[in-house]
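The values are calculated or read from the model by the stated rules, or taken from the named source; none is laboratory data. Bear in mind the structure is a predicted one, so any value in this text is a computation, not a measurement. Every residue, glycine among them, receives a Cβ derived from its backbone with ideal geometry; neighbour counts consider all protein chains shown. Keep in mind that these areas ignore ligands, DNA and RNA; they rest on the heavy atoms of the full protein, side chains included. Shrake-Rupley method; radii C 1.70, N 1.55, O 1.52, S 1.80 Å.
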Amino acid sequence: MMLVSLTVGKVDAGMAVLLTDDKRIIEFPSILLPSNITTGSIVDITVARNHKTEDSVTKSFSALQSNILQTFGSRAPTPPTLRCRNATQTAVVLEWDTIDLATADLRSLSLFRNGSKAGTIPRPTELTATKISGLAVDTDYTFHLVLRTSAGTFSSPHLTVRTHKMEDLTGITVTPGIMPGSLRTSLAETLDRIGGKLSETVRIDTTHFICTEPRGAAWERAREMNIPVVVPDWLLGCESEQRIIGVRQYYLDADPRLRQVGPSVVTNQTQGQKSPEGERPRTPLGTPSTKITPPTPEQPHAPEVPPKDTPPMRNGGIAEEDEDKSEAEDKERKTSGVSREADDEDEDDDDVSSADVKSPTSEAGGQKVDLPVRGKPVTLEEEKEEKDTSFQDVAL
């Protein structure tokens, strides 16, 4: 036990300043001092160690530490294990077991792709799967999870996944919607043939939702999850092409004529098979080589020229002139427009037989039409000279 005498220097509501003999300042709670002290009062304080209470507190603290160790330190969190649920040409669905934190507190759960952080998993204590889209076709990717807790950081083993080729249809997972029963049966048979999977509910690994009517709870769920909603013809198109095909032409509101497999194409093929002989079958829509030849227009024909009236023949010669022949001869002699040179040229031209004269042709609409040729006028003198000469008929 130790007795100490101190002088009160200042007293406040909560704290008093005490001075030792060697002028050291000690702050002391005023509530532990007598109520009637003032500045300058001298107080005696006795100081002693309480061993009994000290032992009791030490035992209590040790028990608390043992309890904490048994509750929070006996088992550590379990590292997550990553698995691949499904893979397609451009997406991968990964899953893991429920996170076991033991007695630790969760900090975060992150997904890494090829060594780089791809994102943080939301609600890690509730979700056990995630979908990674936008991947390259036929490419290897490495994934792993990193779990951060109050008890430390834990990493899952690395998982390598390879995306499918375009010809690999085993990654297709279809959820059927409202459609006729026959189509549903045909849908299941087609999935069996190509190696796809059928899911009765819309899940994270559902790749396509197939229906014929846009309604129902499953249809709404598919739209919320941004799953393509297509008609059954899309699956038939994949089977026919032996590869994944686009879905744009197979939406419920798309034009059926643009689909590779569908009623419009089947109709066109049927019409092409039933076409009569000699008629070319109809080319399916969308073929760029289709050509249509317009009908050849009708060619105009040249009008027929009536034959020139020829005087009646008698005994192989020209008919006798009328009684006015003498008057015509007189008038012809008085004609001054005919010169000697013209008469000579006419005589030279007349040397050619009328049988050798060919009628000119007229091209009208690509055809040649023979037209009659009118000879030069014959004078009265020439008529006399050729009176006894016979002429051949000119063919029209």
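A few comments on the model shown:
- When every Cα-Cα distance of the stretch 173-258 is counted in 10 angstrom steps from zero, the calculated P(r) takes the values 18, 56, 26, 0 percent.
- On the beta carbon distance between Arg83 and Arg257, with R0 = 51 Å, the FRET formula returns roughly 0.70.
- Of the solvent-accessible surface of the stretch 164-222, computed with a 1.4 Å probe and all protein chains present, 54% belongs to carbon and sulfur.
- Ligands, DNA and RNA left out, the 1.4 Å accessible surface of the stretch 82-162 is 45% carbon and sulfur atoms.
- Rg and Dmax [Cα atoms of the stretch 2-47; Å; Rg one decimal, Dmax integer]: 9.6, 27
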